[in-house]
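Engineer: Could you have a look at this structure, given as structure tokens, before my questions?
The values are calculated or read from the model by the stated rules, or taken from the named source; none is laboratory data. Quantities reported herein were computed from a predicted structural model and do not represent experimental measurements. Neighbour counts run over all protein chains shown; Cβ positions are idealised from the backbone, glycine included.
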Amino acid sequence: MSINLQKCKEEYLNNKSDITKRIIICGGTACVAQGSLKIKDKFIEKLKEKELPVATIIIEESKGNHVSKSGCQGFCQMGPLVMIYPEEIMYCMVKVDDVEEIIVRSIEQDEIIDRLVYKNPTNQEYCPHINDIPFYQKQHRFTLSQCGYIDPEDINEYISLDGYTPAKEMIANYTSKEICDFYTESGLRGRGGGGFPTGLKWEFARREDSQEKYVICNGDEGDPGAFMDRSLMEGNPHSIIEGMIIAAIAIGASYGYIYVRAEYPLAVNRIKKAVLDAREAGILGEYIFGSDYSFDIEVMEGAGAFVCGEETALMRSIEGERGMPTAKPPYPSVKGLFGKPTVINNVETFSSVPLIYNLGLEKYNKLGTENSSGTKTFALTGHVANTGLIEVPFGITLREIIGNISGGVVDNKGEIVGTSFKAVQIGGPSGGCLTAEHLDLPLDFDSLFSAGAMVGSGGLVVMNNDTCMVQISKFFMEFTQHESCGKCTPCREGTKRMLELLEKITQGKADMEDLEKLKRLAISVKKSSLCGLGKTAPNPVLSTLRFFYDEYVAHIEDKECPAGACKELTKYFITDKCIGCTKCAKVCPTDAIRGEVKKLHIIEQDKCIKCGACQKACPVDAIIIK
């Protein structure tokens, strides 16, 4: 028996009408790790103690205060986060001990607690409402619009916001060709990194004559510092399921897989519950929505191999084989899972699909740029004042993201220093570095490609002037070399040799011939590797060579690290600011510092192991690195 979506929506909204306040506690991984679910439990406990009406789910008897969790609200730097509706008050860094005060002052007395709201460090103004906070003002939360609001484990709330209506209407009113054409016209491009037109990919699979076809959601997010897909699976799993249903109708598939890495236990649990709830409601399984169409989904947990993010390796893993890529063509749309036509899109792509239908093509096409429509989520990390999950329209510049949304670049002590921006790594290990000259470059698929970078899955790591770009290249090369499946020689051996050369450079043991070898190897690996992992592995090296060549030369010829970050090339010196307090000498583990009380001290370089203990102990910042 299929659920009546309109009736469910009306009942939910009618039951919700007696709710006066809604308290939403962020239930994303970052906030959960800081105790947000304990805060949620405390709200329920204290409201009951005060004999105030409280509801944890919306049913007929619900009234008073609705306490629920959401997915990631984005402002991870300030978690745990608590939202109070309808006023849209956001409280930051909330602790369990703050709950009673919030109930008394904000729930009972409608007051705002200044000490718990975000304070803008630029002008020292309090920002009590979510729209007052600069972090949110420049964003356009489209895919994430429901992620920080709805309860991800309540299918009825998703339905109340017109969830599953697009899928039902497309089954009833659209042919498979019309669905493919609709999403081709939308300009939606894959958000997993490649940026291939979604509607066109579906059309290729639709044309194939096969009794069996498959739809796969790639949730094997593995880029260092990336958590966009994880947050969507945790915060709005039903949107992903609905996107897969629409894709299945478009190509004629009867079965789908959501492939998610096991390291995401919260995402796994919520997506599994969503699948079960959708199946129970007749939205998945046989004759969905009461139609003659059948489609079901299985959730499969991956073991965490980065290469399984590559579509052919992912399919091998689902088939029970070792996750290793295969040559293309044939492409999955022709011969994919179990040799049958298959559509693979990532989490963000599928989540966008029903939202585009509800918004309409005309409005959606106004978002973004001509060739990159819509929005993109990014995991904003690194040397910035505010880290977190953001969503911006394509065409926005790095200057707007770093200057406004992130709150500015910070030094290694966390102080905002507006002029210390050095570079941003975009696209994770597969992407590249952009510099100050790219701050006004519009962020879209084509512009980034022309600059030697890529959107990738959406990692955005901002770096200040104290960052060594050679070390950054080495960090990403260590990652990709470790994650190489070893199937093809260029990737297996090439990344290993590149890593060895980068280690020589950071240790001051390389010469200029090694630098030329590094460049030749990078180009060779990029051109001849079998899959996307190998083809993009050299990108961080090639982009840093392009924009920070002098930094490589300094490591080789001058035996110096300009950023003072490479341990083997740094030297600690005591300047004239020394007051002779002897604190540095007391903490030095090798007795490398000598000098009399109240007189200038010196460091014996042959004894110094460059541990940095002296610099941390110095009360007057008299010790510098050269």
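Engineer: Does any residue in segment 508-529 that is free of Cβ contacts under 8 Å to residues at least 40 places away in the same chain come within less than 7 Å, Cβ to Cβ, of a residue that is not aliphatic (A, V, I, L, M) and not in a helix (DSSP H, G or I) six or more places away or on a different chain, and which pairs are these?
Structural biologist: Ala522/Pro538; Val525/Pro538; Lys526/Pro538
Engineer: Answer yes or no as to whether Ser239 is among the hydroxyl-bearing types (Ser, Thr, Tyr) and in contact with a Gly (Cβ under 9 Å, 6 or more places away or on another chain).
Structural biologist: So Ser239 fits the description; yes.
Engineer: Also: Here are Glu153, Glu157: which of them is outside any helix (DSSP H, G or I), under 20 Å from Ile24 (Cβ atoms) and modelled with pLDDT of 95 or more?
Structural biologist: On the way: Glu157 fails: outside any helix (DSSP H, G or I).
Glu153 is the lone residue from the list that is outside any helix (DSSP H, G or I), under 20 Å from Ile24 (Cβ atoms) and modelled with pLDDT of 95 or more.
Engineer: If the requirement is being hydroxyl-bearing (Ser, Thr, Tyr) and over 23 Å from Gln471 (Cβ atoms), which of these qualifies: Thr435, Thr387, Thr397, Thr381?
Structural biologist: Thr397
Engineer: Sort out which residues of segment 315-335 are under 21 Å from Ser528 (Cα atoms) and either among the hydrophobic types (A, V, I, L, M, F, W, C) or outside the structural domain of Leu200 (by TED's automatic domain parsing) (or both), and write them in order of number.
Structural biologist: Those that are under 21 Å from Ser528 (Cα atoms) and either among the hydrophobic types (A, V, I, L, M, F, W, C) or outside the structural domain of Leu200 (by TED's automatic domain parsing) (or both): Met324, Ala327.
Engineer: Scanning segment 505-530 for residues that are surrounded by 23 or more Cβ atoms within 10 Å (Cβ to Cβ) and in contact with a Cys (Cβ under 9 Å, 6 or more places away or on another chain), which turns out nearest to Cys468 (Cα to Cα)?
Structural biologist: Residue satisfying both the conditions and the ranking: Ile505.
Engineer: Looking only at helices (runs of 4 or more DSSP H) that lie completely in segment 511-596, which have at least 2 residues being of a type in the set (Ser, Thr, Tyr)?
Structural biologist: On the way: elements: 512-528, 532-536, 539-547, 549-553, 583-587.
Answer list for segment 511-596: 512-528, 539-547, 549-553.
Engineer: Just the residues that are in contact (Cβ under 8 Å) with a residue 40 or more places away in the chain and either within 26 Å of the chain's Cα centre (by Cα) or more than 19 Å from Lys69 (Cα to Cα) (or both), please, taken from segment 84-121.
Structural biologist: Ile84, Glu88, Ile89, Met90, Val94, Lys95, Glu108, Tyr118, Pro121
Engineer: Can you find even one residue in segment 210-225 that is of a type in the set (Val, Ile, Thr) and in a helix (DSSP H, G or I)?
Structural biologist: no
Engineer: Let me ask something else about it. Of the conditions (1) exposed (fewer than 15 other Cβ atoms within 10 Å of the Cβ); (2) not in a loop (DSSP other than H, G, I, E, B), Gly494 fails just one. Which one is it?
Structural biologist: Single failed check for Gly494: (1).
Engineer: Further, regarding this structure: Say we look at segment 289-320 and pick out the residues that are closer than 19 Å to Ser239 by Cβ and modelled with pLDDT of 95 or more; which of these is farthest from the chain's Cα centre (by Cα)? I'd like the intermediate steps shown before the answer.
Structural biologist: Within segment 289-320, the subset closer than 19 Å to Ser239 by Cβ is 289, 295-299.
Those still in the list that are modelled with pLDDT of 95 or more too: 295-299.
Working: Phe295: 29, Asp296: 28, Ile297: 24, Glu298: 24, Val299: 21 Å.
Among residues in segment 289-320 that are closer than 19 Å to Ser239 by Cβ and modelled with pLDDT of 95 or more, the one farthest from the chain's Cα centre (by Cα) is Phe295.
Engineer: Test Tyr552 against the criterion of being within 30 Å of Leu515 (Cβ to Cβ), at pLDDT 95 or above and not polar (S, T, N, Q), and give yes or no.
Structural biologist: For Tyr552, the condition - within 30 Å of Leu515 (Cβ to Cβ), at pLDDT 95 or above and not polar (S, T, N, Q) - is met.
Engineer: Would you confirm whether or not segment 468-475 contains a residue that is among the aromatic types (Phe, Trp, Tyr), modelled with pLDDT of 90 or more and surrounded by 19 or more Cβ atoms within 10 Å (Cβ to Cβ)?
Structural biologist: Within segment 468-475, not a single residue is among the aromatic types (Phe, Trp, Tyr), modelled with pLDDT of 90 or more and surrounded by 19 or more Cβ atoms within 10 Å (Cβ to Cβ).
Engineer: Can you pull out the helices (runs of 4 or more DSSP H) entirely within segment 299-388 that have at least 3 residues that are within 27 Å of Gly187 (Cβ to Cβ) and hydroxyl-bearing (Ser, Thr, Tyr)?
Structural biologist: Of the helices (runs of 4 or more DSSP H) lying wholly inside segment 299-388, those with at least 3 residues that are within 27 Å of Gly187 (Cβ to Cβ) and hydroxyl-bearing (Ser, Thr, Tyr) span 347-359.
Engineer: OK, next. Does Pro53 meet the test of being free of Cβ contacts under 8 Å to residues at least 24 places away in the same chain, in contact with a helix residue (DSSP H, G or I) (Cβ under 9 Å, 6 or more places away or on another chain) and surrounded by 16 or more Cβ atoms within 10 Å (Cβ to Cβ)?
Structural biologist: Judged against the criteria, Pro53 is a match.
Engineer: Considering only segment 546-571, how many residues are free of Cβ contacts under 8 Å to residues at least 60 places away in the same chain and under 30 Å from the mean Cα position of the chain (by Cα)?
Structural biologist: Here the count works out to 1.
Engineer: If you take the residues in segment 500-510 that are touching a Lys or Arg at 6+ places or on another chain (Cβ under 7 Å) and part of a helix (DSSP H, G or I), which one is farthest from Ala327 (Cα to Cα)?
Structural biologist: Thr506
Engineer: Quick one: in segment 173-207, of everything that is within 27 Å of Leu276 (Cβ to Cβ) and at pLDDT below 95, which residue is surrounded by the fewest Cβ atoms within 10 Å (Cβ to Cβ)?
Structural biologist: Applying the filter and picking the extreme gives Gly192.
Engineer: Restricting to segment 211-232, name every residue that is more than 30 Å from Thr381 (Cβ to Cβ) and crowded, with 16+ Cβ neighbours inside 10 Å.
Structural biologist: Lys213, Tyr214, Val215
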